[in-house]
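Below is one structure; the comments refer to it alone.
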Amino acid sequence: MPTFTPADYSAICLSLKVAVTATLLSLPFGFAAAWLMTFRQFRGKVLLDVLINLPLTLPPVVIGYILLLLLGQKGWLGLHLLQPLGIRIIFTWKAAVIATAVVGFPLMVRSIRIGLEGISDGLIQASRTLGAGTLDSILTIIIPLSFRGILAGAALMFARGLGEFGATIIVAGNIPGVTQTIPLAIYDYTGSPHGDVMALALCLVSICISVAILLFHEYLCRRLVRAD
C-alpha cells in the first residue's frame, strides 16, 4: 500500500481547490455566453462562437503560452495592469485557476446551451407579455428550466479541471506544495526511478474523484427529473 507524502496530499487538495474555484468563477460568464449565443442575434455572433470554442481545438500548451505572454511581468496585462496593483499571477495557484477556466470554458458553455435550447420560446414570450423584464425571465424561467444543463456544464468544467496539465505547467509551473496538482505530480513520478507505484496511486485518486463527481451529477439529474 503506497504512502502519500505531504506533497501528494497538497497536490490532491490543490487540484480540488483549483477545479472548484475555476468552476465557480466561470459559471456566471459561461451562462451569460450561452444565453447570448442562444437568445440573441447580433453581428459577429459567428466570430464570438469561434472564440469561445477555440480552446477546444488549440493545444493546451499554446493556451498556456498565450496566457504567459498576457499575464507575465512583460505581458500586456501583467505590465500595465497587474504590476501597478501589486498583483502576481504567474507561478501561483491563481494562474492554475485561470488556465483551467480557459481550457474548460467551452465545455461549460456547450452544456449550458443545450439546456437553454430546450426551453420553449412560448414560455419566454408569455413571461414578457405578463410584464417580466429580461432579468425576471432569466431568474424565474430560464435558469430553473436549464438547471440540468448548468449542472452538467459545471460538472464537465470540474472534471476537466482535475485533468488539466499543459496550460497549467506553462503558467503556474510545477512547484510541489505551491502549484503542483495531481497531473503534475503524476508527471514527476513517471520521470523518477521507482515512481510508478505512486503515479498509479495518484491516478486512482483522480479516477475516484471524477467518478464521485459524475455519480453525484447523475443523482442530482435524476432528482430533478422526478421533481418535474
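So here's what we get for this one:
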| quantity | calculated |
| --- | --- |
| Separation of the V62 and L27 label points, Cα + 7 Å toward Cβ, nm | 3.1 |
| Long-range tail of P(r) for the stretch 108-149 (Cα pairs > 13 Å, %) | 49 |
| Angle in degrees between helix 45-57 and the longest Cα principal axis of the chain, rounded to the nearest 10 | 30 |
| Residue among I207, I98, G118 farthest towards the positive dipole end of the chain, charges placed on Cβ | G118 |
| Estimated inter-spin distance, A126 and D196, nm [label 7 Å along Cα→Cβ] | 6.3 |
| Given 14 as the ceiling on other Cβ atoms within 10 Å, longest exposed-site-free region of the chain for trypsin sites (Lys or Arg not before Pro) in DSSP loops | 89-228 |
| Degrees, to the nearest 10: 60-71 long Cα axis against longest axis of the chain | 90 |
| Kirkwood hydrodynamic radius of the stretch 134-228, Cα pairs, Å | 15.9 |
| Where only alpha carbons of the stretch 1-80 are counted, the Rg and the Dmax (Å) | 17.9, 59 |
| DSSP-assigned coil residues among chymotrypsin sites (Phe, Trp or Tyr not before Pro) in the stretch 1-40, each with at most 16 further Cβ atoms within 10 Å | F4 |
| For the chain, alpha-carbon Rg over 2.2 N^0.38 Å | 1.16 |
| Residue exposure sequence - V20, V102, V109 - by fewest surrounding Cβ within 10 Å | V20, V102, V109 |
| Neighbour-count order for H217, H80, fewest beta carbons within 10 angstrom listed first | H80, H217 |
| Of every Cα-Cα pair in the stretch 33-151, the percent that sits beyond 20 Å | 57 |
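Bear in mind these aren't lab numbers, they're just calculated from the coordinates by the rules spelled out. No experiment lies behind these values; they were computed from the predicted model shown. Cβ atoms come from the backbone with ideal geometry, glycine included; neighbour counts cover every protein chain shown.
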